[in-house]
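To start, the structure itself, in structure tokens.
The values are calculated or read from the model by the stated rules, or taken from the named source; none is laboratory data. Predicted, not measured: the structure shown is a model, and the values here were computed from it. Methodologically, a virtual Cβ is constructed for each residue, glycine included, from the backbone with ideal geometry; neighbour enumeration extends over all protein chains shown.
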């Protein structure tokens, strides 16, 4: 039996369902999700392995008009991850009009002539069926305006798992013959520290508004495993992390009245990390101010952004 493998970039504006789609394709949570835009800050590779194919699905930050060095770095990540992929999937919500941001991304896609180009009309569970033909026509015109034609257009809902399998089948169909790139038991190539930092950030940005979510970053200060002879058969990890914000007022918001909000962040994050590690953990969180880190090249480097 012929084996196929492909790299697939998932792109789109902020909040178009990219991360939810990647999690649905992989079959487990490897990318944090939020109603806040630009939650994804790295190119995260989810790995889908079946007997006859493997898809390496790359979730990318939302493409937007950058206002900070961080914003520019995120856009650069997207452009880099459209290079040398076998397919590019552009996510367009069924519930939003197609606009200039989508056209900008489609024109970038057009530059990658060898990549298969698929339009995923996301969030169809939230859309009125009567409006779907109009969105499909608009998607077709978008590609025409960008100078190409879609190889496929797939309306889907990652939330309800509607037509996600169809998208996977199409990506497998277009994948070139190749041995797998990763071992069959891997679902992501993310470093453990990055996964844990993202889970803490996901908990920290919940229910905060305006500029605060964009100003939050997380640094893992230490991870150590306790001696199993002391803790029994279940692994037990001590994790210490710093939640980074840009101003003292944001620090006060994260900590909350008498530390109650920070405590809740810890409870939520600890639960997600324990599921990820299949272990018990102690989680120590501290909030630190790193003034205007989004526009500070040295701070961005310290936080793991190379551009």
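Assorted remarks:
- Selection from the stretch 18-60 of residues that are on the phi > 0 side of the Ramachandran plot and modelled with pLDDT under 90: 38
- For the stretch 118-141, the set of residues classified as over 24 Å from the mean Cα position of the chain (by Cα) and assigned to a helix (DSSP H, G or I) consists of 129, 130, 131, 132, 133, 134, 135, 136, 137, 138, 140, 141, listed by residue number.
- Pair list, Cβ < 7 Å and 6+ apart or interchain, from the stretch 278-303 residues that are without any contact (Cβ under 8 Å) to a residue 24 or more places away in the chain to residues that are not in a loop (DSSP other than H, G, I, E, B): 299/293
- Complete set of residues in the stretch 254-263 that are touching a helix residue (DSSP H, G or I) at 6+ places or on another chain (Cβ under 8 Å) and surrounded by fewer than 17 Cβ atoms within 10 Å (Cβ to Cβ): 256
- Just one of (1) assigned by TED's automatic domain parsing to the domain that holds residue 133; (2) outside any helix (DSSP H, G or I) fails for residue 168. It is (2).
Each row is one residue, and each column tells you yes or no for (1) at pLDDT 95 or above; (2) surrounded by 14 or more Cβ atoms within 10 Å (Cβ to Cβ); (3) not assigned by TED's automatic domain parsing to the domain that holds residue 8.
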site	(1), (2), (3)
112	no, yes, no
118	yes, yes, no
153	yes, yes, no
184	no, no, yes
